[in-house]
Amino acid sequence: MAARYLADADVSGKRVLVREDLNVPLEGGRITDDTRIVAAAPTLRALSDRGAKVIVLSHLGRPDGIVVESLRLAPVATCLAEVLGRPVLTAPDCIGPQAQAAVDALHDGDILLLENVRFHKEEEKNDPGFARALAQLGDLYVNDAFGTAHRAHASTTGIASYLPSYMGPLMARELEVLDAILSDPHRPFVAVLGGAKVSDKIGVIERLLELCDQIVVGGGMANTLLAAEGIDVGKSLRDPDLEPARHVFAKIHEGHVRAHLHLPNDAVVAKELKEGVDTRFVDVKHVAPDEMILDIGPGTAEHFRGTILHAKTVLWNGPMGVFENDAFAAGTEAVGQAIVDSGAMSVVGGGDSAAAAHKLGFAAKMSHISTGGGATLEYLEGKELPGVAALRQAPPA
Ligand code: ADP
Ligand code: MG
């Protein structure tokens with residue numbers, strides 16, 4: 001069964017429970033990147049305009065099943081209200097009498113953001129009792145939380161067993177963009193991979209080797225691949241387990257892949273990761289045992305740029321270096337600029353990659369900034385996302 005789309009639902013006067021991914025980065029209580037809030041806003045505005053009582057569910061951070069004051073959704077509600085230009089009500093919990101009272105007080109068109117669902121340990125366990133308690137608050141369920149669709153939690157999957165369920169427009173749009181890339185990309189199709197989450201991402205390289213024409217790799221992922229080729233990367237961030245990386249090379253050597261894999265030849269290294277530290281450019285074969293690779297080098301940046309400039313489609317996930325520190329931002333800046341200059345249809349996935357695109361001023365020039373990181377990669381790997389599967393299996397309206 002295909003998932004039903006929210007546009008087809010009759011929502012007027014109904015209590016509509018909408019799962020969004022409003023998990024934004026916070027620093028000292030301040031939201032440092034509002035991409036996910038801005039992305040969710042049109043869904044919520046449209047529901048409100050259609051006369052629904054809009055009840056929003058989200059998680060924030062990793063409170064691990066207890067109430068963590070600094071992870072309350074209040075700053076998110078304030079930001080969402082600013083983006084929407086209309087009030088956003090809040091409640092101190094997401095289930096139970098306080099949540100029920102807040103829902104009972106809603107008028108048609110009102111928007112209520114319930115408290116962080118991960119304050120309850122049952123959320124991440126996909127506990128049926130908790131899912132039912134959430135479901136009691138609504139007449140319909142909408143999953144619009146693409147960024148969390150790869151997690152089988154109560155508010156993303158379990159709840160769909162108890163209510164007529166629909167796919168939200170943000171989720172639908174994200175899947176549409178990825179489907180276009182997966183089924184019929186304009187070629188050359190270039191993937192730009194980097195970042196820190198190495199073991200999570202190695203699976204996607206194997207899939208991208210079949211889909212893409214060129215793959216350029218920087219960040220911790222490149223360090224792991226270099227190490228698997230026998231290069232000593234010193235103290236660099238890398239996956240201690242080199243088996244998956246060796247498997248990638250075995251596949252390439254067998255010749256069963258489409259893409260050409262480009263690894264860094266040179267790097268920016270330092271002995272420590274801190275402001276004002278001494279850095280040097282070095283051939284990747286000459287990294288000292290006490291040094292770390294913290295960015296791709298200028299030769300590699302130039303080579304990656306040349307590859308990216310030919311692209312008609314680019315998928316970018318993961319910064320080339322520790323871009324948060326200006327000394328190690330040049331590589332990420334170079335690939336971002338090359339993506340813009342290529343004029344390719346460009347999709348950026350991953351929270352830190354989106355943050356880098358904003359910080360370095362490329363965000364508005366990308367075709368699509370995905371609200372998903374892990375979800376984007378798992379979908380590209382060919383896995384079915386539990387949040388989407390649950391919508392297909394939900395009871396009829
Ligand atoms: P995304 O959130 O886009 O999926 P990741 O979470 O995998 O990306 O990684 C982002 C982080 O990777 C950034 O904070 C950046 O500082 C870090 N990073 C990139 N290159 C390196 C490197 N060579 N060594 C250590 N950290 C790196
Ligand atoms: Mg990240």
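If the condition is being touching a Ser or Thr at 6+ places or on another chain (Cβ under 7 Å) and within 14 Å of ligand 1 (Cβ to nearest atom), then region 360-374 contributes Leu360, Met366, Ile369, Ser370, Thr371. The set of residues in region 308-338 being over 22 Å from Asp200 (Cα atoms), open to solvent by 10 Å² or more (accessible area, probe 1.4 Å) and not small (Gly, Ala, Ser) consists of Leu309, His310, Lys312, Asn325, Asp326, Glu333, Gln337.
Per-residue answers, yes or no, for (1) among the aliphatic types (A, V, I, L, M); (2) crowded, with 23+ Cβ neighbours inside 10 Å; (3) out of contact with any Cys (no Cβ under 9 Å at 6 or more places or on another chain):
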| site | (1), (2), (3) |
| --- | --- |
| Arg132 | no, no, yes |
| His153 | no, yes, yes |
| Tyr166 | no, yes, yes |
| Leu170 | yes, yes, yes |
| Pro185 | no, no, no |
| Ser199 | no, no, yes |
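Taken over region 341-366, the residue count meeting the criterion of being in contact (Cβ under 8 Å) with a residue 24 or more places away in the chain and in a loop (DSSP other than H, G, I, E, B) is 5.
Each row is one residue, and each column tells you yes or no for (1) touching a residue at least 24 places away in the same chain (Cβ under 8 Å); (2) part of a loop (DSSP other than H, G, I, E, B); (3) farther than 28 Å from Val217 by Cα.
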| residue | (1), (2), (3) |
| --- | --- |
| Ser155 | yes, yes, yes |
| Ile159 | yes, no, yes |
| Leu182 | yes, no, no |
| Pro185 | yes, yes, no |
| Ala191 | yes, no, no |
| Ala196 | yes, yes, no |
| Ile202 | yes, no, no |
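For beta carbons closer than 7 Å, sequence separation of 6+ or different chains, a first residue in region 15-29 that is among the small types (Gly, Ala, Ser) and a second that is not in a strand (DSSP E or B), the qualifying pairs are Gly29/Ser70; Gly29/Pro75. Just checking, how many residues over region 226-258 are within 28 Å of the chain's Cα centre (by Cα) and open to solvent by 50 Å² or more (accessible area, probe 1.4 Å)? Here the count works out to 9. Scanning region 309-333 for residues that are more than 22 Å from the chain's Cα centre (by Cα) and not acidic (Asp, Glu) yields Leu309, His310, Ala311, Lys312, Ala327, Phe328, Ala330. Residue count for region 310-325 under the criterion of being touching a residue at least 60 places away in the same chain (Cβ under 8 Å) and more than 6 Å from ligand 1 (Cβ to nearest atom): the result is 8. Among the residues making up region 352-397, those that are polar (S, T, N, Q) and either under 19 Å from Ala172 (Cβ atoms) or away from ligand 2 (no atom under 16 Å from the Cβ) (or both) are Ser367, Ser370, Thr371, Thr376, Gln393.
The values are calculated or read from the model by the stated rules, or taken from the named source; none is laboratory data. Everything numeric in this text was worked out from a predicted model, so none of it was measured. So basically every Cβ, Gly included, is an ideal-geometry build from the backbone, and we count neighbours across all protein chains shown. Ligands, DNA and RNA are stripped out before the accessible areas are found, and what is left, the full protein with its side chains, is counted by its heavy atoms. Shrake-Rupley method; radii C 1.70, N 1.55, O 1.52, S 1.80 Å.
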